[in-house]
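K.L.:
After the structure tokens below, expect a handful of questions from me.
The values are calculated or read from the model by the stated rules, or taken from the named source; none is laboratory data. Just so it is clear, the model here is predicted, and its values are computed rather than measured. Cβ placement follows ideal geometry from the backbone for every residue including glycine, while neighbour counts extend to all protein chains displayed. Note: accessible area is taken over every heavy atom of the protein model, side chains too, but ligands, DNA and RNA are not part of it. Shrake-Rupley method; radii C 1.70, N 1.55, O 1.52, S 1.80 Å.
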Amino acid sequence: MPIPDSPRAGVKRRLLREEAYESIRDAILDGTLACGERLEDKKLQDWLGISRTPIREALNQLAAENLVVIRAQSHTSVIEPDPEQAYDAVQVLGAVFGGVFRVVLPALDDDGRQMLTGLFEGGLRATELRSVREQIVVLLQVYDLLVAHCPNATLRDVARSIRNTYGFQIGMLRNAEIYDWEVPRAAWSRMRRGVDDGDPVAVQLAFQEMHSLPTTSTPGSLWYWAAHVSPGSR
């Protein structure tokens, strides 16, 4: 099991479980801990510098978010997502974060709006490059910005959990293909206009269309992710 170079020093005891959760989660999401990687308690203890109990509590929380699998009397490992489930994950993220846009956009200050439109520009560049990997990177950054700026604490917690679980799963699509690049290109453009116009509904609809959810302009299921997914492509 690979271990990050720097130890986790100075962890406050009342936050041990949260620190362990965040550290292991981030290592899973950034690929330091690969799909299927076994998570050994002793190595986690050496890395985090804390006892086994808060680590097990953190792993239980990660299991509830479908980021790890705990096999009783055996071992714990990072999940190995089914590539086919990545298509479902796209729609889940679109449905949830489309709604989060409705709450976040009216509450964003000028700096937040500038950051958001900058990400939209990054999405447009990804479509020009026809890079699925870059498209997914930008989408993950959009989810993170929405979580960070969501004024509704309950919705923020739900969105964070959804982002972790399903954002991890759409990483399986990084080696996929998009057969109609006009769809995300048009969606990023409409989202940018919606922010400029202060129209969260327009942003929501464009965002959901990008995530293969039907809208008034796309009455059918819009599966623009081509079925050329390579397992372990994360």
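K.L.:
Might you check whether a residue that is touching a residue at least 24 places away in the same chain (Cβ under 8 Å), surrounded by fewer than 21 Cβ atoms within 10 Å (Cβ to Cβ), over 12 Å from the mean Cα position of the chain (by Cα) and closer than 22 Å to Gln61 by Cα occurs anywhere in segment 180-195?
P.N.:
No, that holds for no residue.
K.L.:
To continue, here is another question. Test of understanding: among Glu121, Glu209, which residue is of a type in the set (Asp, Glu), at pLDDT 95 or above, part of a helix (DSSP H, G or I) and more than 21 Å from Cys35 (Cβ to Cβ)?
P.N.:
Working: Glu209 fails: at pLDDT 95 or above.
It is Glu121.
K.L.:
Among the residues of segment 40-63, how many are open to solvent by 40 Å² or more (accessible area, probe 1.4 Å) and either in contact with a Ser or Thr (Cβ under 6 Å, 6 or more places away or on another chain) or within 20 Å of Val158 (Cβ to Cβ) (or both)?
P.N.:
Of the residues in segment 40-63, the ones open to solvent by 40 Å² or more (accessible area, probe 1.4 Å) are 40, 42-43, 45-46, 49, 51-53, 56-57, 60-61.
From the residues that got through so far, the ones that are either in contact with a Ser or Thr (Cβ under 6 Å, 6 or more places away or on another chain) or within 20 Å of Val158 (Cβ to Cβ) (or both) too are 60-61.
Looking only at that region, the number is 2.
K.L.:
On to the next question. Name the residues in segment 109-153 that are in contact with a Leu (Cβ under 7 Å, 6 or more places away or on another chain), open to solvent by less than 30 Å² (accessible area, probe 1.4 Å) and either more than 15 Å from Phe207 (Cα to Cα) or charged (D, E, K, R) (or both), would you?
P.N.:
Once the filter is applied, which keeps residues that are in contact with a Leu (Cβ under 7 Å, 6 or more places away or on another chain), open to solvent by less than 30 Å² (accessible area, probe 1.4 Å) and either more than 15 Å from Phe207 (Cα to Cα) or charged (D, E, K, R) (or both), segment 109-153 yields only Val132.
K.L.:
Being within 20 Å of Pro184 (Cα to Cα) and either hydroxyl-bearing (Ser, Thr, Tyr) or surrounded by fewer than 19 Cβ atoms within 10 Å (Cβ to Cβ) (or both): is that true of Asp88 here?
P.N.:
yes
K.L.:
State all residues of segment 92-102 that are open to solvent by 10 Å² or more (accessible area, probe 1.4 Å) and either over 17 Å from Ser161 (Cβ atoms) or without any contact (Cβ under 8 Å) to a residue 60 or more places away in the chain (or both); if no residue qualifies, say none.
P.N.:
Narrowing segment 92-102 to residues open to solvent by 10 Å² or more (accessible area, probe 1.4 Å): 92, 95-96, 99, 102.
The answer is Arg102, and nothing else.
K.L.:
Pull up segment 9-39, narrow it to residues that are more than 23 Å from Arg163 (Cβ to Cβ) and surrounded by 15 or more Cβ atoms within 10 Å (Cβ to Cβ), then point me to the one that is modelled with the lowest pLDDT. Outline the logic, then answer.
P.N.:
Here is the first cut: in segment 9-39, the residues more than 23 Å from Arg163 (Cβ to Cβ) are 9-14, 16, 38.
Checking the rest, the ones that are also surrounded by 15 or more Cβ atoms within 10 Å (Cβ to Cβ) come to 11, 16.
On the way: Val11: 43, Leu16: 89.
If we take residues in segment 9-39 being more than 23 Å from Arg163 (Cβ to Cβ) and surrounded by 15 or more Cβ atoms within 10 Å (Cβ to Cβ), then Val11 is modelled with the lowest pLDDT.
K.L.:
Does Ile79 satisfy the condition of being aliphatic (A, V, I, L, M), open to solvent by 20 Å² or more (accessible area, probe 1.4 Å) and either over 16 Å from Thr165 (Cα atoms) or free of Cβ contacts under 8 Å to residues at least 12 places away in the same chain (or both)?
P.N.:
Working: aliphatic (A, V, I, L, M): yes; open to solvent by 20 Å² or more (accessible area, probe 1.4 Å): yes; either over 16 Å from Thr165 (Cα atoms) or free of Cβ contacts under 8 Å to residues at least 12 places away in the same chain (or both): no.
So Ile79 fails the test.
K.L.:
So in segment 64-76, with the set limited to residues that are free of Cβ contacts under 8 Å to residues at least 12 places away in the same chain and not β-branched (Val, Ile, Thr), which one is most open to solvent (accessible area, probe 1.4 Å)?
P.N.:
Residues of segment 64-76 free of Cβ contacts under 8 Å to residues at least 12 places away in the same chain: 64, 69-74.
Cutting the leftovers down to not β-branched (Val, Ile, Thr) gives us 64, 71-74.
Values: Ala64: 83, Arg71: 111, Ala72: 87, Gln73: 190, Ser74: 82 Å².
It comes out as Gln73.
K.L.:
Answer yes if at least one residue in segment 168-179 is crowded, with 20+ Cβ neighbours inside 10 Å, modelled with pLDDT of 90 or more and not in a helix (DSSP H, G or I), and no otherwise.
P.N.:
Scanning segment 168-179 turns up no residue that is crowded, with 20+ Cβ neighbours inside 10 Å, modelled with pLDDT of 90 or more and not in a helix (DSSP H, G or I).
K.L.:
Need the failing condition index for Thr165 against (1) over 25 Å from Arg25 (Cβ atoms); (2) modelled with pLDDT under 90; (3) crowded, with 18+ Cβ neighbours inside 10 Å; (4) among the hydroxyl-bearing types (Ser, Thr, Tyr), just the number.
P.N.:
So Thr165 meets the others, but not (1).
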